[in-house]
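S.K.: Take this structure, written in structure tokens, and hold onto it; I'll ask about it next.
The values are calculated or read from the model by the stated rules, or taken from the named source; none is laboratory data. All values derive from a computational prediction rather than experimental measurement. Note that we place each Cβ from the backbone using ideal geometry, even for glycine, and neighbour counts take in every protein chain shown. We work out accessible area using only protein heavy atoms, side chains counted, and drop any ligands, DNA or RNA first. Shrake-Rupley method; radii C 1.70, N 1.55, O 1.52, S 1.80 Å.
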Amino acid sequence: MRAPLVVANWKMHGTIAEGRALASAVRDGLKRPRGVEVVLCPPFTVLPAVAEVLAGSAIAVGAQNCYWETSGAFTGEVSPAMLAELGCRLVIVGHSERRQHLGETDAQVNLKVRAALAHGLAPLLCVGESADERRQGLTFNIVEGELRAGLRGLSPEALGHCIVAYEPVWAIGTGVNATPAQASEVHGYLRGLLSELASKEIAQTVRILYGGSVKPDNAGELCREPEIDGGLVGGASLQAQAFVGIVKKAAGRGATPKE
Ligand code: PGA
């Protein structure tokens, strides 16, 4: 069985003081989360403070991006080794905002996936189609292309250390989430591809998260789908109460959470 995972993507939000307060509130709101793993991904500048707040708790820290070299003359970049030193467990790779606004390519995403794995970080590879692509019936082509390119050249074992997020671009920050059926269909397709790329056994262990306007009131029905192994949460992760509510729904996989 895959333990559900909920990842907070704070994006470019918050001062150190705000990050500290938010992480403390999430930590206190969850106490000992059971049946679910939780990772907070603050901006780089806030990472050390959040890591300090979460030390000794069951909540882990992660990053929103990394470069693919360990060190060197790469002005402005942050390496997976630096993130590992801060205690990060996971790094988001290939988020659509980076693909869109920063021109991140599939080849770069693949280098980042490999670099993260080489430093013991789980890459959380994001894939997803735009509204236009969905209208044109290209959803499966797009997610397949991004998945294959992002994971290119990995051994089946390495593939087993990856996490995938299906994030339809049209659902990110719009308040319009994919329906459980829409997400489930794509997740099932992605898992089929993972079986082909690794093995059926390994594919069964890889978490596939859904991201795009996940909120406390839709997290339950999304996570109830057997193919949806948790969420990558943007906007709602900036409010402790909303995020804690989502985590509890994921822990219960849609059941009413027990306190
Ligand atoms: P959202 O963002 O929850 O604000 O839609 C999700 C994401 O971009 O990871």
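S.K.: Are there any strands (runs of 3 or more DSSP E) wholly within the range 9-101 with 1 or more residues that are more than 16 Å from the ligand (Cβ to nearest atom) and open to solvent by 40 Å² or more (accessible area, probe 1.4 Å), and if so which?
M.R.: By residue number, 37-41, 88-93.
S.K.: Condition first: under 18 Å from the mean Cα position of the chain (by Cα), assigned to a helix (DSSP H, G or I) and closer than 23 Å to LEU40 by Cα. Now tell me which residues in the range 112-149 satisfy that.
M.R.: Across the range 112-149, the qualifying residues are LYS112, VAL113, ARG114, ALA115, ALA116, LEU117.
S.K.: Among what's in the range 161-174 and is in a loop (DSSP other than H, G, I, E, B) and within 9 Å of the ligand (Cβ to nearest atom), pick the residue that is least open to solvent (accessible area, probe 1.4 Å).
M.R.: Filtering the range 161-174 for residues that are in a loop (DSSP other than H, G, I, E, B) and within 9 Å of the ligand (Cβ to nearest atom), the one least open to solvent (accessible area, probe 1.4 Å) comes out as GLU167.
S.K.: Now for a different question. Tally time: how many residues in the range 115-133 are over 16 Å from GLY62 (Cα atoms) and crowded, with 19+ Cβ neighbours inside 10 Å?
M.R.: Of the residues in that region, 3 qualify.
S.K.: So for the range 175-186 (the condition being open to solvent by less than 30 Å² (accessible area, probe 1.4 Å), within 21 Å of THR105 (Cα to Cα) and not in a loop (DSSP other than H, G, I, E, B)), does at least one residue qualify?
M.R.: no
S.K.: Every residue in the range 208-228 that is open to solvent by 40 Å² or more (accessible area, probe 1.4 Å) and either assigned to a loop (DSSP other than H, G, I, E, B) or within 11 Å of the ligand (Cβ to nearest atom) (or both), please.
M.R.: LYS215, ARG224, GLU225, PRO226, GLU227
S.K.: Next question. Is it the case that LEU190 is at pLDDT 95 or above, within 18 Å of HIS95 (Cα to Cα) and touching a His at 6+ places or on another chain (Cβ under 9 Å)?
M.R.: Spelling it out, it is not the case that LEU190 is at pLDDT 95 or above, within 18 Å of HIS95 (Cα to Cα) and touching a His at 6+ places or on another chain (Cβ under 9 Å).
S.K.: Only one residue in PRO80, PRO42 is of a type outside the set (Lys, Arg), in contact with a Phe, Trp or Tyr (Cβ under 7 Å, 6 or more places away or on another chain) and modelled with pLDDT of 95 or more. Which one?
M.R.: So the residue among PRO80, PRO42 that is of a type outside the set (Lys, Arg), in contact with a Phe, Trp or Tyr (Cβ under 7 Å, 6 or more places away or on another chain) and modelled with pLDDT of 95 or more is PRO42.
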